[in-house]
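A short write-up of the structure that comes next.
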Amino acid sequence: MQVFDYDDVQLIPNKCIIESRREADTSVVLGSRKFKLPLVAANMETVIDESLATWFASNDYFYVMHRFKPAERLNFVADMHAKNLFASISVGITKTEYQLIDDLAAKNLVPEYITIDVAHGHSEFVIAMIHYIKEKLPNSFLIVGNLGTPQAVKEIEAAGADATKIGIGPGKACITKLKTGFGTGGWQLAALKWCAKGATKPIIADGGIRENGDIAKSIRFGVTMVMIGSRLAGHLESPGEVVEENHKKYKKYWGSASAVQKGSSHNVEGRQLLVPYRGPITDTLTEIKEDLQSSISYAGGKDLSAIRTVDYVILHS
């Protein structure tokens, strides 16, 4: 197979058919809902909290709430539904997570979206959790990750997942490839192409996005949505305090498998970084939308589907 990543690929323009980029439609459907952008805020403690989740849901953006305050998830679903907003939560695969599923079912608190979020999602224990959720909460749209091969995608879809999440360690705060020798870090875009060949349901790219054009490249190779962490951290509304170094403002950002998140030094595959303070999140979302509209115009279409069929070149240094 060809191995390449975002920096190695350029998409080739088609004849433009719209008068203005503003005509281009960047919306996407996932499950039963339509969202303004093919974008999901990563379920990381430095990216999303209940306040920001409420804002995303209120403004037709997708999100996945993190699972690092496990006791609060039941109330989170109830709170979102009380506001007439959709609930999207993360779960793991430990025994206590089964109790959460039982509690949600018993209280008839059905999250519209559930993401099984583990570092290595091609696992018998993940498959067992898929079956359990589908039995107890069959109306929840179930996203499962993270995966890195078409074989994994096929098996996880067959188990009952409604969508899969692709990416083993390509995130900015990930050091999986350095610590383990495994993963899609450095060839995430090729991994998306490879995994898309095995998929019959939506796939979500997770990690490796450094520029807005990388979102369009991900769509070209088969994804429905792109999960973004570091580029959505650091905003006014993002969790965490602003810190100042050398007269510049930053916010702290750490990986889900980092020592600071785990609270220990065991099985660490992430690190803590400082990301530049970026001001209001609406500015970044507007920029992403405008850049995607430009991508659609270059693709020669009116919506995101046009990007899926453009030609591309792989650059050689």
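The values are calculated or read from the model by the stated rules, or taken from the named source; none is laboratory data. Please read all numbers here as calculations on a predicted model, not as lab measurements. All Cβ positions, glycine included, derive from the backbone under ideal geometry; neighbour counts span all protein chains shown. Just the protein is used for accessible areas: all its heavy atoms, side chains included, with ligands, DNA and RNA removed. Shrake-Rupley method; radii C 1.70, N 1.55, O 1.52, S 1.80 Å.
Over the Cα atoms of segment 173-235, each weighted equally, I'd like the Debye log10 I(q)/I(0) at q = 0.13, 0.21, 0.24, 0.25 Å⁻¹, rounded to two decimals. Debye intensities relative to I(0), on a log10 scale: -0.36, -0.88, -1.06, -1.11. Measuring nothing but protein heavy atoms, the accessible surface of segment 144-211 at 1.4 Å probe radius is 55 percent carbon and sulfur.
In the chain, how does Rg compare with the Kirkwood Rh, expressed as the Rg/Rh ratio over alpha carbon atoms? Answer for the chain: 0.95.
In segment 43-159, Cα pairs under 8 Å separated by at least six residues give a relative contact order of 21 percent. Within straight-line reach of Lys15, meaning a Cα separation under 19 Å, sit the following lysines at least 8 residues removed in sequence or on another chain: Lys217, Lys302.
Taking every protein chain into account, the accessible area of segment 1-116 amounts to 48 square angstrom per residue (probe 1.4 Å). Relative contact order, whole percent, for segment 166-223 stands at 39, derived from Cα pairs under 8 Å and 6 or more residues apart.
Considering only the other residues whose Cβ falls under 15 Å of the Cβ of His81, what net charge follows from Lys and Arg at +1 and Asp and Glu at -1?
The answer is -1.
Remark: segment 1-41 projects, on average over all directions, an area of 5.6 nm² (convex hull of Cα atoms). Between segment 162-204 and segment 98-116, the alpha-carbon centres lie 27 Å apart. Taking a straight line from the alpha carbon of Lys252, these lysines sit under 26 Å away, with near neighbours fewer than eight places off in the same chain left out: Lys69, Lys165, Lys172, Lys177, Lys179, Lys262, Lys289. For segment 77-164, report the translational diffusion coefficient in µm²/s to the nearest whole number, using Stokes-Einstein at 25 °C, 0.890 mPa s, and a Kirkwood Rh over Cα pairs. Stokes-Einstein gives a translational diffusion coefficient of 188 µm²/s. Each stretch of four or more DSSP H residues adds -39500 (n - 2.57); spread over every residue of the chain, this sum gives -9000 deg cm²/dmol at 222 nm.
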